1. Is it true that Ser174 is touching a strand residue (DSSP E or B) at 6+ places or on another chain (Cβ under 9 Å), in the same structural domain as Gly311 (by TED's automatic domain parsing), in a loop (DSSP other than H, G, I, E, B) and more than 23 Å from Gly314 (Cβ to Cβ)?
2. Within segment 55-77, which residues are surrounded by fewer than 14 Cβ atoms within 10 Å (Cβ to Cβ), of a type in the set (Lys, Arg) and farther than 21 Å from Tyr87 by Cβ?
3. Could you list, in sequence order, all residues of segment 80-102 that are buried (at least 23 other Cβ atoms within 10 Å of the Cβ) and assigned to a helix (DSSP H, G or I)?
4. Return the residues of segment 9-46 that are within 23 Å of Ala97 (Cα to Cα) and acidic (Asp, Glu); say none if nothing qualifies.
5. When segment 49-87 is examined, which residues are found to be within 21 Å of Leu29 (Cβ to Cβ) and basic (Lys, Arg)?
6. Can you name every residue in segment 264-291 that is in a strand (DSSP E or B), aliphatic (A, V, I, L, M) and touching a residue at least 60 places away in the same chain (Cβ under 8 Å)?
7. Could you list all residues from segment 237-265 that are touching a Gly at 6+ places or on another chain (Cβ under 6 Å) and closer than 21 Å to Val298 by Cα?
8. Search segment 54-73 for residues that are within 21 Å of Gly100 (Cα to Cα) and pair each with any residue that is small (Gly, Ala, Ser) and surrounded by 12 or more Cβ atoms within 10 Å (Cβ to Cβ) when their beta-carbon atoms are under 7 Å apart and the residues are at least 6 apart or on different chains.
Amino acid sequence: MPDSVADRPAILLIQTAFIGDVILATALLEYLHRTEPATPVDFLVRKGNEGLLKGHPYVRQLLIWDKQQDKYQGLWRLLQQIRQADYGRVVTMQRFASTGFLTAFSGAPERIGFRKNPFAFRFTRAIDHIIGAGVHEVSRNLHLLDPAYEGPIVPPRLFPSPTDEAAAAQAASSANGGTYICIAPTSVWFTKQFPEEQWLKLLAALPPKYTVFLLGGPPDVAACERIRQASNRPQVINLAGKLSLLASAALMRGAQLNYVNDSAPMHLCSAVGAPVCAVYCSTVPYFGFGPLSPFSRVVQLEEELECQPCGLHGYRKCPLGHFHCAHGIQTSQLLAALAESEVATVR
């Protein structure tokens, strides 16, 4: 029986999709650390997402795939690197052919993934990936490691560095009275994104004691600036593009509440235990990507729509043109979540 890290075959986890998918995948790092603390774990991500796991204490090595500049040649080089590493297990959390290819031909004795993957016929274990039924994505992924797992959901976890913490603390110091709310108003998918005019209604209605930080990446700077300029509220600060993902997570952890879409910032909150109010437009929590923070509230249209949900990820525009799933949400619903968070803080 091997009794040292050097003796144990390493595991490779593969998740090269979006930021939120990588964040949720960190739950597997937590699970492995609890159940196999001496087993080395490597992690493969797409270029641009490596900052999420930089300095992660449970990751031995990060592998990076540049999908934009060197997609297919890079994939081939990764396969050679993976085969040379002599992994004991390779686990892909995706259903796409590219990561299935890496897993199937990794040379690992155990090659694990979902049955929907085109290369599943070469896996040593393949399980069903069922969207819906209230099963969270974390649970779906955990079953790749242990098909019989019936325990509680293991929350994802990220580790902001001291530099990230310092950047968050500096930003928080500009909050009036030290109390603040964060809003991450954008999303990759239009129909997942609460409309700007709806965010403006919320900004007008929030209690004046709160400073509001607008968060996002470099592509979100313009949208956040439009919201800031259109708001008549003082102390609305646009931090989009100014903080790393982990620094943003650290800032969100100290907020009274974080308003987010069904997108990556929601999962950032889950990974640091930040209080969150997730606004769902075209999608629904039933898909299994809901918030996992200790204080989590979901806001969505209170009436039923035959067209909702219209898809798993969302669209560039509402397929029917009305986008009522977003415009029909009332500001009072969002304010109720804030009131509940304030009560929870007092307790």
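The values are calculated or read from the model by the stated rules, or taken from the named source; none is laboratory data. Since this is a predicted model, take the numbers as computed values, not measurements. Neighbour counts are summed over all protein chains in view; Cβ atoms, including those assigned to glycine, are modelled from backbone coordinates with ideal geometry.
1. On the way: touching a strand residue (DSSP E or B) at 6+ places or on another chain (Cβ under 9 Å): yes; in the same structural domain as Gly311 (by TED's automatic domain parsing): yes; in a loop (DSSP other than H, G, I, E, B): yes; more than 23 Å from Gly314 (Cβ to Cβ): yes.
Considered against the rule, which asks whether it is touching a strand residue (DSSP E or B) at 6+ places or on another chain (Cβ under 9 Å), in the same structural domain as Gly311 (by TED's automatic domain parsing), in a loop (DSSP other than H, G, I, E, B) and more than 23 Å from Gly314 (Cβ to Cβ), Ser174 comes out as yes.
2. Lys71
3. Thr99, Gly100, Leu102
4. Of everything in segment 9-46, those that are within 23 Å of Ala97 (Cα to Cα) and acidic (Asp, Glu) turn out to be Asp21, Asp42.
5. Of all residues in segment 49-87, those within 21 Å of Leu29 (Cβ to Cβ) come to 49-65, 78, 81-82, 85-87.
Within segment 49-87, Lys54, Arg60 qualify.
6. Selection gives Val279 alone.
7. The one that is touching a Gly at 6+ places or on another chain (Cβ under 6 Å) and closer than 21 Å to Val298 by Cα: Ala264.
8. So the pair list comes out as Trp65/Gly74; Asp66/Gly74.
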